[in-house]
Amino acid sequence: MAQDTPLRMSKRNLDRYDIIRRLLRQEVNGSDAARLLDLSIRHVRRLRAGVRERGAKALVHALTGTVSNHRMPDQERNRIIEILKTKYADFGPTFATEKLREIHGITRDPETIRRIMVSASLWKPRQGRAKSEHRSWRQRRSAMGEMLQFDGSYHDWFEGRGGIKEACLLAAIDDATGKITKAEFCAHEGVFPVFGFWKQYLETHGKPRSIYLDKFSTYKMNGAIAKENPDLKTQFGRAMSDLSIDALFANSPQAKGRVERLFDTLQDRLVKEMRLRDIRTKEVANQFLAKTFIPAFNAKFSVVSASDADLHRNLTAQERVKLPITFSRQETRTIQNDYTFSFKNLWYQIAKVQPITVCRKDVVTVEEWLDGSIHVRLRGKDLNYVILPDRAKAMRQPWVITTAPVAPTLAANRFEHAGSGRCTFSKSN
């Protein structure tokens, strides 16, 4: 029998070598060896002959330890590492693979790029997910426009470029297809930015059947009064009710996971795409989103819905005319006896000539439109008004404190005095 040579062997081959040696020493027979190794008797015979002739080497593949014929050339590998370190150090393997192909003409499998990034300490393999609370899987809606998931995300989208430290990205994603139907950078997630977003959306796509939201104060009233009266609505809730769009509210971030995962992806990909293009303003970013990023994103990540139908509903002529009214901030005011009312620290005088009769104590609706104009409405009609200068304040004579020596009286016994005088109050002339 040939002299055994120390080799790096797998656990499986070590076990095979031990059984074959026992077979050669006749400690087990061929049938037992085949059963122990879960191999055929014929294969065991071949292994026995190989070990008798060449020792442990017979169990190791002949190409073990040799360089693969398909190994990437060192020159190309070093070039990829240099590009990754210079431009894509914080990119994920899949995204880095796409950029290497699109910009640098390097076509390699994402797994190959991942191994290169791991070896160059540019990517750390992710650990297995920790066990979490079990949640049942919700099936996608069957058709486009049946339900949109909508949310806003505050993030350092511009990485400080243009002096923008943090911006809010509003985005709507279709539940059935996973398509981004609209995304826009805004100042914040308040009433007016959200109104402007959905006004443009409805003019372009029509009305979805429902919108899935979280319980942020812009969308849902969360105070104790709202719990006692569930019919109370926010400005956004009132607008959706006027348009017959169902507003659905999630009880947890996981419930609207599609839009939450969307922002995770955008905070990775969109940030880096804008960095590569040196985008510094929200206006340029919004143009890039609409014309370039969203079409490419939808082509890559969207799925086919169960139904080919598009359930967006067209705006009626009346709804389209009333959109500025629907998407306005509305509050009520009571007409005073002098036909005035106050709104946002200003006084408004109802004009004498009106399209309808206006009486004292009438309750009017004050509408603040997206363009900043103020409209006063009563029974569906616009009222004429003028803004008054600062209202004259009533002159009130202040009360002053004086001291005077007073003879002790019965009333004086009610106070504790210091010296011979007591405090009295009088009006100044």
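Has the range 35-55 got any residue that is touching a Ser or Thr at 6+ places or on another chain (Cβ under 7 Å) and either farther than 30 Å from Arg101 by Cβ or in contact (Cβ under 8 Å) with a residue 60 or more places away in the chain (or both)? Among the residues of the range 35-55, at least one is touching a Ser or Thr at 6+ places or on another chain (Cβ under 7 Å) and either farther than 30 Å from Arg101 by Cβ or in contact (Cβ under 8 Å) with a residue 60 or more places away in the chain (or both), which makes the answer yes. Pairs are defined by a Cβ separation below 7 Å, a sequence spacing of at least 6 or placement on different chains, a first member in the range 253-273 that is under 13 Å from Gly178 (Cα atoms) and in the same structural domain as Leu289 (by TED's automatic domain parsing), and a second member that is in a helix (DSSP H, G or I) and aromatic (Phe, Trp, Tyr); no pair meets this definition.
Take Lys165 and tell me if it is closer than 30 Å to Met72 by Cα, modelled with pLDDT under 90 and not in a strand (DSSP E or B).
no
Within the range 138-162, restricting attention to residues that are touching a helix residue (DSSP H, G or I) at 6+ places or on another chain (Cβ under 9 Å) and assigned to a loop (DSSP other than H, G, I, E, B), which residue is farthest from Pro208 (Cα to Cα)? Here the answer is Glu159.
Taken over the range 27-63, the criterion of being over 30 Å from Ile106 (Cβ atoms) and assigned to a loop (DSSP other than H, G, I, E, B) is satisfied by Glu27, Val28, Asn29, Asp38, Leu39, Ser40, Val60, His61, Ala62. Just wondering, is there one or more residues in the range 82-101 that are part of a loop (DSSP other than H, G, I, E, B), among the hydrophobic types (A, V, I, L, M, F, W, C), closer than 30 Å to Leu270 by Cβ and at pLDDT 85 or above? Within the range 82-101, one or more residues are part of a loop (DSSP other than H, G, I, E, B), among the hydrophobic types (A, V, I, L, M, F, W, C), closer than 30 Å to Leu270 by Cβ and at pLDDT 85 or above.
Right, Thr334: in contact with a Phe, Trp or Tyr (Cβ under 7 Å, 6 or more places away or on another chain) and exposed (fewer than 15 other Cβ atoms within 10 Å of the Cβ) or not?
Numbers: in contact with a Phe, Trp or Tyr (Cβ under 7 Å, 6 or more places away or on another chain): yes; exposed (fewer than 15 other Cβ atoms within 10 Å of the Cβ): yes.
Spelling it out, Thr334 is indeed in contact with a Phe, Trp or Tyr (Cβ under 7 Å, 6 or more places away or on another chain) and exposed (fewer than 15 other Cβ atoms within 10 Å of the Cβ).
Filtered by the rule that a residue be part of a loop (DSSP other than H, G, I, E, B) and among the aliphatic types (A, V, I, L, M), the range 303-321 gives Val303, Val304, Ala306, Ala309, Leu311, Leu315. In the range 297-318, the residues that are of a type in the set (Asp, Glu) reach residues that are surrounded by 15 or more Cβ atoms within 10 Å (Cβ to Cβ) with C-beta atoms within less than 6 angstrom, at least six apart or across chains, in these pairs: Asp310/Met144; Asp310/Gly145.
The values are calculated or read from the model by the stated rules, or taken from the named source; none is laboratory data. These numbers were taken from a predicted model, which means no experiment stands behind them. In this analysis, Cβ positions are derived from the backbone assuming ideal geometry, glycine residues included, and neighbour counts consider all displayed protein chains.
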